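Every number here is computed from the coordinates shown, using simple stated rules; none is lab data. Quick caveat, the model's predicted, so the values are computed rather than measured. Here the Cβ is made from the backbone with ideal geometry for all residues, glycine too, and neighbour counts use every protein chain on show.
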Amino acid sequence: MNTEILGVILMFATVVALAIPLGRYIGKVFNYENTWFDSIFNPLDQLFFKLGGINPTKEMNWKQHLVALLIINVVWFVLAMLVLTNMSWLPLNPDQNPSMSADLAFNTSVSFVTNTNLQHYSGESGISYFGQLILMLWQFISAGTGIAICAVVFVAMKERTADTLGNFYSFFVRSCTRILLPISLVVATLLAFNGMPMTFEGKDTITTLQGDTVQVSRGPIAAFVAIKHLGTNGGGFFGANSAHPLENPSYFTNIVEMVTQMIIPIAMIFALGFVIKRRKLSWMIFGVMTIGFLLLTIPTIISEMEGNPAIANMGIAQNMGSMEGKEVRFGSTASAYWSIATTVISTGSINSMHDSFTPLSGMNQMLAMMVNAFYGGCGVGMLNFYIYIILAVFISGLMVGRTPEFLGKKVEAKEMKIAMIIALLHPFLILVGTTLATSLPNLTAASLSNPGFHGFSQILYEFTSSSANNGSGFEGLGDNTPFWNIACGLVMLLGRYLPIIGPVAIAGILAGKKYIPESNGTLKTDTPTFGLMVFAVIAIIAALAFFPALTLGPIAEYFSMPK
């Protein structure tokens, strides 16, 4: 078997092998069960509660949880704006990088607070070390809030009848101190010992093999990269992200970064089974998500390994596959695998330029974000999938002539209305944004590096990435303009918080309902049959919503290429 294929299999197998015990640990954290690390983290948790004036034992209903989440995010957004617009005179700026304009600071603050990390700037020249450290803190906060609000939904699913669902601040602090911080320390140490800089000194002067003298940017990169992947944030310390040799030096660091970005989203699936004591439900969810992931990954790897037909027609050999925009140290296979993993997981980091992929590979990257429910980001990936479960339960109930039920609670009109609004919101944001951009050529035409079908794909990808809170891009798009900064910022806000509010509202409403014991006529939601139903709902919604737009972009580009 091809060694590159073996490398991909090794990466995925390692993730699953580590995610199962990590999921059990996360479940214990959510259930407040004893763990080996209590003696270390309990004092740290209490310190944060004391400094914040928080009573971690005070119970909250689902509305109070959402208010707490939104307050945290608003506070950090304001602080981010203040820092980014004043970096030029603040400390830790050895390279004298300038402050951001108001529209770029707005986009960047929204981007990091919403766990998107869409970057309309290049890190080495557009932001100071102090700004990088602030954004690194945001990457803990945004991931922590996502995990915490997912814990609230897990508790709601576990309770038979309850009006209160734990304490959000407690879930948030425990998610940061007991999950994100210790794993980040391990990952950062591995990266630092394998060639990744960790310094506060400015640019270094080096002499190349050709004898040229160049200035090379550096900084506290290892710590930044660890949480960027663990928290499924994806923001790059450098403009080239993990394609940069100092942000991803070797194939080994590539494996570490890949495993790191996938481990928590998959672990959250198994954490669900541990919290609600339904392991079969977790395996059903994992199966559906994995099938969707593989259906996107395998064709992309095959397409990139075969090479670009347009280049082949020029008489250029492509023994290594389609290598345009890819790093030789990773190859076409690992780059293709990363491109789907990062769009499925909603990390948005890159180790190659997605704009250079073959058309159908670019389509698969967009589909991964359009579905936005195969693994997904820290916590919110499970919330997105929860919406599809509710839809599948309702449709299945109607098909068999029974009142739809999920985990002993009746799914009624109110919950269905919320689920449908959230399911349709994602395509609405993407397609309306794309329509607006294509109908205003005076504002957007100059941003496109390619005309025709690929130029349309660049626009479609940008709004898809923004709505999915992914942050990757077809980097041929010149997106640092007031239009792109403001439009994408608004899409990121709506694409982050409404899909959180909806599932939490549904879970809270269902938690307050009377519990109905299971009977022989109860619809089983942990079977392969129900899993197939959920997958069909996802496929139908995605196909109906996005196929026309994809036809105008990557599909049309594919059929226009020489064969």
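Remarks
- Whole-Hz Karplus values for the range 202-217 come out as x, 4, 9, 9, 10, 10, 6, 5, 7, x, 7, 9, 10, 9, 10, 6 Hz, taken residue by residue from phi with 6.51 cos²θ - 1.76 cosθ + 1.60 and θ = phi - 60°; glycine and proline positions read x.
- Modelled FRET efficiency - R0 60 Å, residue 58 with residue 329, Cβ distances, 0.05 increments: 0.70
- Using 0.36 nm per residue and subtracting the Cα-Cα separation, the extra length available between residue 540 and residue 3 on full extension is 189.7 nm.
- Distances between placed amide hydrogens fall under 5 Å for residue 406 paired with 411, all partners being 5 or more residues away or on another chain.
- As a calculated quantity, the FRET efficiency between residue 514 and residue 209 at R0 = 51 Å, using C-beta atoms, amounts to about 0.10.
- Applying a DSSP loop filter and a limit of 13 other Cβ atoms within 10 Å to the trypsin sites (Lys or Arg not before Pro) in the range 193-288 leaves 277.
- Size check on the range 3-278: the Cα extents along the three principal axes, sorted descending, read 71, 48, 32 Å.
- A full extension of the chain between residue 446 and residue 161 corresponds to an added length of 97.0 nm, given 0.36 nm per residue minus the alpha carbon distance.
- Length-normalised contact order of the chain in % [C-alpha pairs under 8 Å, at least 6 apart]: 19
- Evaluating 6.51 cos²θ - 1.76 cosθ + 1.60 at θ = phi - 60° for every residue in the range 367-379, the Karplus couplings come out as 4, 4, 7, 5, 5, 6, 9, 8, 6, x, x, 4, x Hz, glycine and proline recorded as x.
- Check: the chain dipole with +1 on Lys, Arg Cβ and -1 on Asp, Glu Cβ, in debye: 2080
- Magnitude of the charge dipole, the range 3-278, Cβ model with Lys/Arg +1 and Asp/Glu -1, debye to 20: 1000
- Summed over qualifying helices (DSSP H, 4 residues or more, each -39500 (n - 2.57)) and divided by its residue number, the chain shows a 222 nm mean residue ellipticity of -21000 deg cm²/dmol.
- Extreme residue, positive dipole direction of the range 3-278, given options 122, 65, 234 (C-beta unit charges): 65
- For a modelled paramagnetic label at residue 250, 7 Å from Cα along Cα-to-Cβ, the residues of the range 317-339 in reach, with backbone nitrogen under 17 Å, are 328-331.
- Per-residue 3J(HN,Hα) values for the range 242-255, derived from phi via the Karplus relation 6.51 cos²θ - 1.76 cosθ + 1.60 with θ = phi - 60°, read 7, 7, 6, x, 8, 9, 6, x, 8, 5, 5, 5, 4, 5 Hz in sequence order (x marks Gly and Pro).
- Cross-link partners of residue 513 among lysines, defined as those whose alpha carbon lies under 21 angstrom from its own and excluding same-chain residues fewer than eight positions apart: 63, 158, 277, 409, 410, 414, 417, 524.
- Selection from 37, 512, 448, by position along the positive dipole direction of the chain (Cβ): 512
- Here's the picture: charge each Lys and Arg Cβ at +1 and each Asp and Glu Cβ at -1 in the chain, and of 435, 18, 81 the one pushed furthest to the positive end of that dipole is 18.
- Estimated distance in nm for a label pair at residue 412 and residue 279, the labels positioned 7 Å out from Cα along Cα-to-Cβ: 3.6
- FRET efficiency, residue 194 to residue 295 (Cβ-Cβ, R0 35 Å, nearest 0.05): 0.60
- Loop-resident sites, the range 470-535, for chymotrypsin sites (Phe, Trp or Tyr not before Pro), counting at most 15 other Cβ within 10 Å (DSSP): 515
- For peptides 44-55, 125-136, sequence by mean Cβ density within 10 Å, most packed first: 125-136, 44-55
- Percent RCO, i.e. relative contact order, over the range 3-278, from Cα pairs under 8 Å lying at least 6 residues apart: 28
- Cα centroid of the range 1-78 to Cα centroid of the range 284-337, whole Å: 33
- The stretch between residue 486 and residue 78 holds 145.3 nm of extra length on full extension. This uses 0.36 nm per residue minus the Cα-Cα distance.
- Normalising by residue count, the chain has a Cα convex hull of 156 Å³ per residue.
- Centroid-to-centroid separation of the range 476-525 and the range 125-153 [C-alpha atoms, Å]: 19
- Model label sites at residue 432 and residue 13, defined 7 Å from Cα along the beta-carbon direction, differ in position by 4.7 nm.
- Amide hydrogen proximity for residue 239: with H placed 1.01 Å from N in the peptide plane, the residues at 5 or more positions away or on another chain lying under 5 Å are 123, 124.
- Panel note: the C-alpha atoms of the range 291-379, placed on their principal axes, show extents of 47, 22, 19 Å (largest first).
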